[in-house]
Amino acid sequence: MPLVKIRDLHFYRGNRAIFDGVNIDIHRGKITAIMGPSGTGKTTLLRLIGGQLHPDKGTIEVDGQNVHTLSHSELYELRKRMGMLFQSGALLTDINVFDNVAFPIREHTKLPETMVRDLVLMKLQSVGLRCARNLMASELSGGMARRVALARAVTLDPMMIMYDEPFTGQDPISMGTLVNLIHRMNDAMGLTSVIVSHDVAETAEIADYIYLLSGGKVIEKGSPVQLKRSSSQWVQQFMQGLPDGPVPFHYPGTDFSDDLLNGEVSA
Amino acid sequence: MIDTIRSLGRWGLGVFERLGRGHLLLLEILRGVPELFLRFSLVIQQLSSVGVHSVLIILISGLFVGMVLGLQGYNTLVDFGAEESLGVLVALSLVRELGPVVSALLFAGRAGSALTAEIGLMKSTEQLSGMEMMAVDPVRRVLAPRFLAGFISMPLLAAIFSAVGIFGGFLVGHGLLGVDDGAFWSQMQAKTDWYEDVLNGVIKSIVFGFVVTWIALFEGYDATPTSEGVGRATTRTVVHSAFAILGLDFVLTALMFGDV
Ligand SMILES: Nc1ncnc2c1ncn2[C@@H]1O[C@H](COP(=O)(O)OP(=O)(O)O)[C@@H](O)[C@H]1O
Ligand SMILES: [Mg+2]
């Protein structure tokens, strides 16, 4: 049985369908990637799985529980077993790196401070930031903040972790370590990982299974190898990053030369 | 014409929707208050940033308001040869009205706006969402301690304001204008009623503290999560708080002293 089971998911922002009948299975112990152009609703999907947004139709089950019919306290119990890495890191800015990583431990357990310290240092060591523990969150670069957030997301040893664009804003070196780290954590801690990303190369490198989203639907799914061999032009364009193809780069509207020649001048 | 009515309707619906959300949030906050007594350190931290940081502005403003009351009161009273009643006038004005009202207005400007900005910023940087996903309820962890701290601080700040104000009135009345100090204090004590004046003033400031902190927290929590949105929310906190304070002051005064 998959850990996360999404069935016939519909979600609207105003009149616009962000999801229009999406089915996704996320299997235990695997790294599943959800990919698609920006603005397709990848972040929205993670928020739906985490129970922060409600679907207009369809169900999302995590570990056999329907996320959106749980009571407040049941949902919070479930969330203790889900880690989420926000695109921005979402660190608390009024406390330092150490206290940020210690935050979930102190909130949810009554462990003595010496054990909290050991746990935090272990997690920080694994993301290479043990010696940055006294910096404030505002003193970190975007990439460092993301790594601290990763350490924080796994402090309670969750069953699954969701990464929102983990690779954007990383330099080549920390990119490499991060790819490794995600892989290692998945195997060593028996995690189930969901990666949301548009970085094709890095994601294809570590994902076991990929879902491609566009226009509110799953366009293609399969292992990285299967996707690279896909006959769909759309998939080929996305996987190879070609500028032209079935996916338009431009926001839909009037023709460019028309716009230049005949456009009314506004204000 | 139809368009005007339509937009009026939409505006009205918006107002009621916000009111509804505000009350729901208040309920959630209040539900989180009891468990704070087990983690009172969270409230202590907030008492420091909400309450203690407002003390200086309260001290200075209270002193000047009291001094002005001393001057103005003396000028009126002296015409009737009643300048010895200056103490009563200063004390009653402060304890009944100016203490609770002016300190609440200052509190809204100093602490309320800061609360809104802080919460709004935490929202726009996804810190609140992040907490939710760590299974920590931001309403209980972030809003409730701030609410309790504001609720506790306001009456204390109002008391400080009134005390300093009376002292300021005394400085001017006795030091500058030569009102007899014995008469100043004894008349004040004789004519100020504990229940009728002091307690009613305290009730006012408790109500104001409740409302201002609630408005500030709701505006922050409900802010559009952009820097512009947080800025607008901060302004709204100050404006709405001022309306609420002055409007409620009228209602409370009518109930307490109106004899209707
Ligand atoms: N709070 C919101 N209100 C209205 N529309 C939103 C909101 N958040 C996101 N959207 C819209 O939903 C779509 C999907 O957003 P998102 O999930 O962030 O995309 P992605 O993460 O794939 O880049 C975008 O077109 C965005 O404009
Ligand atoms: Mg996104």
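The values are calculated or read from the model by the stated rules, or taken from the named source; none is laboratory data. Keep in mind that what you see is a predicted model, and the values were worked out from it rather than measured. With ideal geometry, Cβ positions are generated from the backbone for all residues, glycine too; neighbour counts draw on all protein chains shown. Areas reflect the complete protein model, heavy atoms only, side chains present, ligands, DNA and RNA absent. Shrake-Rupley method; radii C 1.70, N 1.55, O 1.52, S 1.80 Å.
Contact residues in region B:131-171 (at least 40 Å² less accessible area with all protein chains than alone, 1.4 Å probe): B:E132, B:M133, B:M134, B:A135, B:V136, B:D137. For region B:2-257, the convex hull spanned by the alpha carbon atoms encloses 162 Å³ per residue.
Sorted from greatest to least, the principal axis extents spanned by the alpha carbons of region A:100-154 come out as 32, 18, 17 Å. Check cross-link reach from A:K123 to the aspartates and glutamates: straight Cα distance under 19 Å, and skip same-chain residues fewer than eight apart. Straight-distance partners of A:K123: A:D99, A:E107, A:E113, A:D157, A:D187.
Heavy atoms of chains A and B lose about 1700 Å² of accessible surface on contact, summed over both sides with a 1.4 Å probe. Rule-of-thumb check for region B:56-174: C-alpha Rg over 2.2 N^0.38 Å? Normalised Cα radius of gyration, region B:56-174: 1.49. Measuring against 27 Å, Cα to Cα, the residue pairs A:K5/A:K217; A:K57/A:K80; A:K30/B:K123 contain A:K30/B:K123 as the ones spanning a longer distance. Taken over region A:4-262, the alpha-carbon convex hull comes to 158 cubic angstrom per residue. Inter-chain Cβ neighbour count for A:146-159, averaged per residue, equals 1 (cutoff 10 Å, partner chain atoms only). Hydrophobic long helices, here whole DSSP H runs in chain B with Kyte-Doolittle means of at least -0.5 and Cα atoms spread over 24 Å or more along the helix axis, are found at B:2-32, B:55-79, B:144-170, B:200-222, B:227-257. Evaluated at q = 0.07 Å⁻¹, a Debye calculation over the C-alpha positions of the protein assembly as shown (equal weights, vacuum) places log10 I(q)/I(0) at -0.55. Region B:1-36 and region A:1-74 have Cα centres spaced 28 Å apart. In the context of the full set of protein chains, the protein assembly as shown has a per residue accessible area of 49 Å² (1.4 Å probe). Summarising the label geometry, the points placed 7 Å from Cα in the beta-carbon direction at B:H23 and A:D187 lie 5.8 nm from one another.
Couplings 3J(HN,Hα) of region A:187-194, computed from phi: 7, 6, 9, x, 6, 10, 10, 10 Hz, in residue order, whole Hz [Karplus 6.51 cos²θ - 1.76 cosθ + 1.60, θ = phi - 60°; x for Gly and Pro]. Computed in the context of the full set of protein chains, the accessible area of region B:2-257 at 1.4 Å probe radius has 70% of its extent on carbon or sulfur.
Across A:G253, A:G51, A:G36, mean-square fluctuation computed from a Gaussian network of chain A (C-alpha pairs under 10 Å connected) peaks at A:G253. Averaging 1/r over each pair of different alpha-carbon atoms in region A:1-86 and inverting the result gives 13.4 Å, the Kirkwood hydrodynamic radius.
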